[in-house]
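Working notes for the structure below.
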């Protein structure tokens with residue numbers, strides 16, 4: 001079993017990243033590597049340049065993201081942790097796969113439509129071909145499984161379509177060049193919403209810092225954000241059905257459940273009938289207790305730029321070694337001469 005997954009280095013990780021992806025990365029790392037499999041986690045810095053960006057900030061964010069991932073529990077000795085830019089095979093394979101991908105397939109990508117908006121003529125070609133690079137990211141390593149959320153299912157389906165067409169068109173019968181990766185949706189993946197709007201995802205791009213819990217927030221900041229989080233005047237219900245139509249209440253209860261490793265009904269069995277004056281402090285204390293070790297380690301790690309660069313360099317070396325056979329097979333299948 002080989003897991004491959006990436007994250008864009010766009011700034012500080014927040015609680016939504018941690019509960020929705022990173023915590024499950026750590027769990028998969030321990031389970032998969034313990035069973036003889038392998039996990040590759042990468043910082044998608046090549047994807048980041050598909051949108052306007054500040055070069056200096058991208059470099060800083062990449063190192064900061066490494067510190068955050070390691071602080072959260074990603075172990076560079078267990079997993080292959082690297083950034084795309086140090087593994088040229090990602091960009092090379094994307095170009096090779098561009099010959100197989102079809103414009104009709106890319107035109108149907110909903111994220112392309114959403115990110116390009118009405119100004120599609122002004123969007124970068126990199127944004128348009130972003131899904132082909134995503135396909136290269138996983139096909140390059142013969143990934144067997146890729147963790148996906150609802151917003152990434154379509155991109156993994158595209159990767160499978162590209163792999164299948166490439167194998168059909170160019171591979172010898174019975175000897176496919178690419179493995180068709182399967183989606184894996186971690187059962188504990190939590191969808192964390194904004195503290196200011198229970199219908200919007202918690203996001204780094206939200207202009208209000210009060211909308212999210214950053215993994216670098218100190219205890220006082222966390223307690224303040226939870227205390228000021230938007231709620232409603234009703235008490236908490238005794239079961240999950242009672243949260244219907246109460247987006248902000250459902251979000252806070254969901255955060256507590258995810259952090260405590262409980263079901264929503266179990267949380268409501270404990271706090272049903274209580275007001276937010278009682279529930280919010282309990283949630284804040286749980287967050288502080290859980291995130292404090294991550295915060296402390298992150299602050300320590302991000303001060304050592306040389307150590308972070310060494311982590312990336314070591315991971316990139318391993319990634320290049322793993323990528324080489326697949327890239328070579330793709331070149332050969334296409335009839336391209338390399339020495």
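For this structure, a couple of remarks:
- Gaussian network model of the chain, springs between alpha carbon atoms under 10 Å - residue of 325, 52, 237 with greatest fluctuation: 52
- When only alpha carbons of segment 39-139 are considered, Rg and Dmax amount to 15.1, 45 Å.
- Label zone at residue 208 (point 7 Å along Cα-to-Cβ), backbone N below 13 Å, segment 250-288: none
- Cα centroid separation - segment 199-276 against segment 280-315, whole Å: 22 Å
- Computed on segment 209-300, with alpha-carbon pairs under 8 angstrom and 6+ residues apart, the relative contact order is 39 percent.
- Against the chain, whose longest principal axis comes from its Cα atoms, helix 153-170 is set at around 10 degrees.
- When shorter helices are ignored and each DSSP H run of at least 4 residues is given -39500 (n - 2.57), the per-residue value for the chain at 222 nm works out to -16500 deg cm²/dmol.
- Cα-based Rg of segment 209-300 normalised by 2.2 N^0.38 Å, two decimals: 1.09
- Principal-axis tilt of helix 247-260 within the chain, Cα atoms, nearest 10 degrees: 80 degrees
- Taking 0.692 mPa s as the viscosity and 37 °C as the temperature, the Stokes-Einstein diffusion coefficient of the chain based on its alpha-carbon Kirkwood radius rounds to 153 µm²/s.
- Residues 53, 90, ranked from the fewest to the most other C-beta atoms within 10 Å, line up as 53, 90.
- Dimensions of segment 17-97 based on its C-alpha atoms, expressed as ranges along the principal axes with the largest first, amount to 38, 29, 22 Å.
Each reported figure results from applying straightforward, stated rules to the coordinates on display, with no laboratory input. Just so it is clear, the structure is predicted and the values come from calculations on it, not from any experiment. All Cβ positions, even for glycine, are placed from backbone atoms using ideal geometry, and neighbour counts span all protein chains on display.
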